[in-house]
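Have a look at the structure below, then the notes.
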């Protein structure tokens, strides 16, 4: 395909076009992904997640600027905001970013304001990241709003997950979610010039002790499948807590240093390979689920499906009985 | 089954036991669900969603108290907090609630602090709600943290969705997500005694105008399936904006009145039936996906699956090529 050749040569317009095709799940998009896949596996994927109001976007912005100043590394930013489909954060965030990063050919920013099933969003994010990876972007920052399991799943695509907190975001206990802390490789308290920063840090430290007793547990996406579960070296990585004031560029160097240290840790412990394997295993599983459903729907009679829903709506049979009946009917 | 008989007779202990069995996805739990399903379809399901710090839990608490004072209706509260698995919000929320609602046999509070795939959480919430419905709980409040698509999906189980905002929650534009507004039937600005309430209201109103131009669009869960898409009457319902101070019980009567008005609208427009159908259709679809995957994994050789992952990890083939190969291999 001409497009993928141009992308491998560094053509931004071609890159942009394929990203759109993949977001639209077009046949060309899928073909492009298959062609580019052999070129993936080199980029460092950084997930940045945090509740609204923590200043994630500014932080990501500053981090990208920092990387660009220090080296020639190409940086991509994929901003995922599933809850903001037609107006909203992602688009605005882009505009703010443009001020600082525009004109820099080494930075590519892509917002996914797409809506859809969760699996769909994680899947599309994974695909966009693969394209950037193949196109030679060495650091890919995946930015998500981290208040739900969905965003945690998206962030888990990354090699290094940065969780952003901020002082005084409502109830301290609600803001600092153990579930999100568990996936954090690096913790950031942004807006660290605000009052309450000591409380936030104290709360983070005590929750961290709960979340990281001895070793890191890697959880597989979705239904647990022993056959694709990765073996993770239990070499201990204690997530550091970094204080930043992104709007003033404070603490960004320390954050970048922690991220670099984590990359080193990933390589030494074998986690780099293990996470790659887990990520690809999850992706295969998601694709498999979709394909199975598609195949099933192709083979079933629409009328039969409708009849079954009617029976459920009338409370004649339960949803699970309906599914069993459909599956048995289809097997014959 | 003895347990389901006891539940239909109003036994709380039996109810509690089956809820646990369903949460653990045990065979008894599944059997109980099938037995109770014919008794469902009577309850009014109220979804309450909002970002952390909006005071959702207090609001739900007050709403339950209000309902109990005004009538003999049995009320269930299902609190879903997927991002807080092992410490965290849900459990704490229960303790706070216990103070006000304990000792009232007409109220049943259940927290789901379970973790897992998103579909899994929505599915389990749907199941718990069905049990409460069969057990004669006339109003079932489903409380979720509404910052991600996952929570939106859970909230969408409801007949009436209440979206809770609060003044001064960080960036105004980020806090008020158009995507969440779109699913709102009733909007609440809680903590309305705080500064900034006028700004929040103004922002809500202008976003509402974007989100509800003429009619309400009902979106199907997950992959769009035209064969189960409901036809929704386009009778216009403009979500009212209610100001409350839940901690002081202010505005709760107005909120309850709006919810009652929405129920009336649902019946008149035919949306009550349409939403029931859409919900059950989604549930069937989710169960079908799980069942297809389970059936596939039963029939495939573990070694073959592992080999395929290895090929993907080595970038010999892409994930989608691997899935195609697995499906074709399995079909033979």
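Here's the yes/no breakdown for (1) out of contact with any strand residue (DSSP E or B) (no Cβ under 8 Å at 6 or more places or on another chain); (2) closer than 18 Å to residue B:140 by Cβ:
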residue	(1), (2)
B:12	no, yes
B:15	no, yes
B:25	yes, no
B:35	yes, no
B:41	yes, yes
B:44	no, yes
B:60	no, yes
B:64	no, yes
Matching entry among B:91, B:96 (being touching a strand residue (DSSP E or B) at 6+ places or on another chain (Cβ under 7 Å), surrounded by fewer than 19 Cβ atoms within 10 Å (Cβ to Cβ) and modelled with pLDDT under 55): B:91
The stretch B:309-325: number of residues that are within 20 Å of residue A:294 (Cβ to Cβ), more than 7 Å from chain A (Cβ to nearest Cβ) and part of a helix (DSSP H, G or I): 2
Residue satisfying all of: in the stretch A:233-280; under 19 Å from residue A:190 (Cα atoms) and within 14 Å of chain B (Cβ to nearest Cβ); surrounded by the fewest Cβ atoms within 10 Å (Cβ to Cβ) among these: A:247
Filter result for the condition that a residue is in contact (Cβ under 8 Å) with a residue 40 or more places away in the chain and in contact with a helix residue (DSSP H, G or I) (Cβ under 6 Å, 6 or more places away or on another chain), over A:76, A:51: A:76
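A quick yes/no check of all residues on (1) surrounded by 24 or more Cβ atoms within 10 Å (Cβ to Cβ); (2) in contact with a strand residue (DSSP E or B) (Cβ under 8 Å, 6 or more places away or on another chain); (3) at pLDDT 85 or above:
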| residue | (1), (2), (3) |
| --- | --- |
| A:113 | no, no, no |
| A:123 | no, no, no |
| A:132 | yes, yes, yes |
| A:146 | yes, yes, no |
| A:164 | yes, yes, yes |
| A:171 | no, no, no |
| A:180 | yes, yes, no |
Of the criteria (1) modelled with pLDDT of 90 or more; (2) part of a helix (DSSP H, G or I); (3) more than 23 Å from residue A:23 (Cα to Cα), which one residue A:207 fails: (1)
Test for residue B:233: is it modelled with pLDDT of 85 or more and under 23 Å from the mean Cα position of the chain (by Cα): no
Residue count for the stretch B:237-290, restricted to those that are outside any loop (DSSP other than H, G, I, E, B), in contact (Cβ under 8 Å) with a residue 40 or more places away in the chain and touching a strand residue (DSSP E or B) at 6+ places or on another chain (Cβ under 7 Å): 8
Residue count for the stretch B:297-308, restricted to those that are within 8 Å of chain A (Cβ to nearest Cβ) and either farther than 15 Å from residue A:285 by Cβ or in contact (Cβ under 8 Å) with a residue 12 or more places away in the chain (or both): 2
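Report, by residue number, each residue of the stretch A:182-196 that is more than 26 Å from the chain's Cα centre (by Cα) and either modelled with pLDDT of 90 or more or under 21 Å from residue A:159 (Cβ atoms) (or both).
Residues satisfying the conditions are A:193, A:194.
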Pair list, Cβ under 8 Å, 6 or more apart: the stretch A:2-16 residue in contact (Cβ under 8 Å) with a residue 60 or more places away in the chain, other residue exposed (fewer than 14 other Cβ atoms within 10 Å of the Cβ): A:12/A:105
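The values are calculated or read from the model by the stated rules, or taken from the named source; none is laboratory data. Predicted model, so just to flag it, every value in this text is computed and none were measured. Note that each Cβ is placed from the backbone with ideal geometry, even for glycine, and that neighbours are counted across all protein chains shown.
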